[in-house]
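The values are calculated or read from the model by the stated rules, or taken from the named source; none is laboratory data. Bear in mind that the values here come from a model prediction, so they are computed numbers and not experimental data. So basically every Cβ, Gly included, is an ideal-geometry build from the backbone, and we count neighbours across all protein chains shown.
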Amino acid sequence: MDNQPNYCDFIRGKLIRDGFELSKEQFNGIDATIGIKKKFEWSWLATQLTISVAIGTSKTISKDTIQLFSKMAFKYFLKHKTGPPRGLQSGLVSFAMLASNFVDDGARKWVQQKPQCHFAAFEMPIIYNAVNNELYYYHGTPAWGAMYYPFFKDFIESHFKIVN
C-alpha cells in the first residue's frame, strides 16, 4: 500500500483551498511542500500568527527522521517569516508532517510528547501512518501558549486527517 503521494496531494489541495501560498523545499533529502498563511485573531490577544506547513514523505520514519525534519522546517520558517518581529503581537507555528508506510514506535512516541518551547513560536511535528490511516501528534495543552492549542488541534484535524 503506497498511498503517501495521494495523501500529500490531498493535503496540498486543502492548503490551496484555504489560501496558503505553496512552494517546494528540501529538508535533509526529503522533498517538502511548504505552505504559509497569516491569521489574525482577537482571541489571541490581537496576535497575528504565521501558519507554516511542511509536508513530505519518507520510506520509513524514525525518531531521528521526524525530529530533524521538524527542526529544519521550523528553522526555515523562522528565517523566512515576514511582518512584525516575533513577540510583538506576532507569532509563528510550524506544522511539520511526514507520511510513511513504516513508522517506528520511537517516532510515534516522540511526536505525541509535549513539543519544545520557543519564544513566540510553536513547533508541531505530525506523522501520518499511510498503512492504517492514523495521525500522530501532541494532543495536550501546555500552559505555555495554551490559548493557541485549540486552534492547533482543530487545524491538524481539519487539514491532515482523512475522514472515512
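A few notes on this one:
- Subset of region 93-136 [of a type in the set (Ser, Thr, Tyr), touching a Phe, Trp or Tyr at 6+ places or on another chain (Cβ under 7 Å) and closer than 16 Å to Lys161 by Cβ]: Tyr128
- Whichever residue in region 17-32 is of a type outside the set (D, E, K, R) and within 17 Å of Lys75 (Cβ to Cβ) and, among such residues, is surrounded by the most Cβ atoms within 10 Å (Cβ to Cβ): Ala32
- With respect to the conditions (1) among the basic types (Lys, Arg); (2) within 17 Å of the chain's Cα centre (by Cα); (3) under 19 Å from Lys37 (Cβ atoms), Lys114 lacks only one, and its number is (3).
- Filter result (within 26 Å of Trp42 (Cβ to Cβ) and of a type in the set (Asp, Glu)) within region 123-151: Glu123
- Residue selected from region 14-38 under the condition among the aliphatic types (A, V, I, L, M) and assigned to a strand (DSSP E or B), by the criterion farthest from Gln89 (Cα to Cα): Ile30
- The single condition among (1) in contact with a Gly (Cβ under 9 Å, 6 or more places away or on another chain); (2) modelled with pLDDT of 90 or more; (3) under 19 Å from Ile34 (Cβ atoms) that Ser62 does not meet is (3).
A quick yes/no check of all residues on (1) modelled with pLDDT of 95 or more; (2) over 17 Å from Gly35 (Cα atoms):
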residue: Gln67; (1), (2): yes, yes
residue: Arg86; (1), (2): no, yes
residue: Gly91; (1), (2): no, no
residue: Ala96; (1), (2): yes, no
residue: Gly106; (1), (2): yes, yes
residue: Tyr137; (1), (2): yes, yes
residue: Tyr149; (1), (2): no, yes
residue: Phe160; (1), (2): no, no
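- Filtering region 40-51 to residues that are free of Cβ contacts under 8 Å to residues at least 60 places away in the same chain and out of contact with any Lys or Arg (no Cβ under 8 Å at 6 or more places or on another chain) leaves Phe40, Trp42, Ala46, Thr47.
- Unmet criterion (only one of (1) in contact (Cβ under 8 Å) with a residue 60 or more places away in the chain; (2) of a type outside the set (Phe, Trp, Tyr); (3) touching a helix residue (DSSP H, G or I) at 6+ places or on another chain (Cβ under 6 Å)) for Asp18: (3)
- Within region 39-50, considering residues that are polar (S, T, N, Q) and in a strand (DSSP E or B), the one surrounded by the most Cβ atoms within 10 Å (Cβ to Cβ): Thr50
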